[in-house]
Amino acid sequence: MPFFILPHTADVRLKVWGKDYEEVFRAALLGMSAIQKKAIPTKDADFIERTISVEASDGTALLVDFLNEVLSLCAINKEWYFDGVFERLTATSLHVTLHGIAISDFDEDIKAVTYHEANLQKNEKGEWETIIVLDI
């Protein structure tokens, strides 16, 4: 699993990593969706696709802004996004098709993805990693 949940007194902290930007962005999406809903979509679910584009000043801002955009779509559309296909992903922009399903509620409401502790960088193994703090 490309993420794990770290202890935090009031919020949820995720550590995410991957060999490249796509892996770390997908890990962050998967981690956030695992916090939102403790379920696995069934094969007979009506799957939904939504496409978004995000631009930011650097990789850390792009990741946080991307996750916040996904959160906004979740709330607006009452949908849960559990995966995505990145058509474009650079250090400052992305274009992704999200895969999800319609839902009635979330197991855990996430208010926002914060910049606190976020610092997307390569570790000693050459993998990209960061901490994501989710305000719940």
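The values are calculated or read from the model by the stated rules, or taken from the named source; none is laboratory data. This structure is a prediction, so every number in the text was calculated from the model and none was measured. Virtual Cβ from ideal backbone geometry, glycine too; neighbours counted across all protein chains shown.
For the residues Ser33, Ser104, the requirement of being of a type in the set (Ser, Thr, Tyr) and surrounded by fewer than 13 Cβ atoms within 10 Å (Cβ to Cβ) singles out Ser104. Within the range 25-45, track down each residue that is small (Gly, Ala, Ser) and either outside any loop (DSSP other than H, G, I, E, B) or closer than 17 Å to Pro2 by Cα (or both). Hits for the range 25-45 are Ala27, Ala28, Gly31, Ser33, Ala34. Only one entry in Asp65, Asp46 is under 22 Å from Lys122 (Cβ atoms) and acidic (Asp, Glu), namely Asp65.
Each row is one residue, and each column tells you yes or no for (1) of a type in the set (Phe, Trp, Tyr); (2) more than 23 Å from Asp109 (Cβ to Cβ); (3) without any contact (Cβ under 8 Å) to a residue 40 or more places away in the chain.
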residue	(1), (2), (3)
Phe3	yes, no, yes
Arg26	no, no, no
Arg50	no, no, no
Arg88	no, yes, yes
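Yes or no, residue by residue, for (1) β-branched (Val, Ile, Thr); (2) buried (at least 16 other Cβ atoms within 10 Å of the Cβ); (3) modelled with pLDDT of 95 or more:
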residue	(1), (2), (3)
Ala61	no, yes, yes
Phe66	no, yes, yes
Leu71	no, yes, yes
Thr92	yes, no, yes
His95	no, no, yes
Asp109	no, no, no
Glu129	no, yes, yes
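When the residues of the range 78-114 are filtered to those that are assigned to a strand (DSSP E or B) and among the acidic types (Asp, Glu), the one that is farthest from Pro41 (Cα to Cα) is Glu87.
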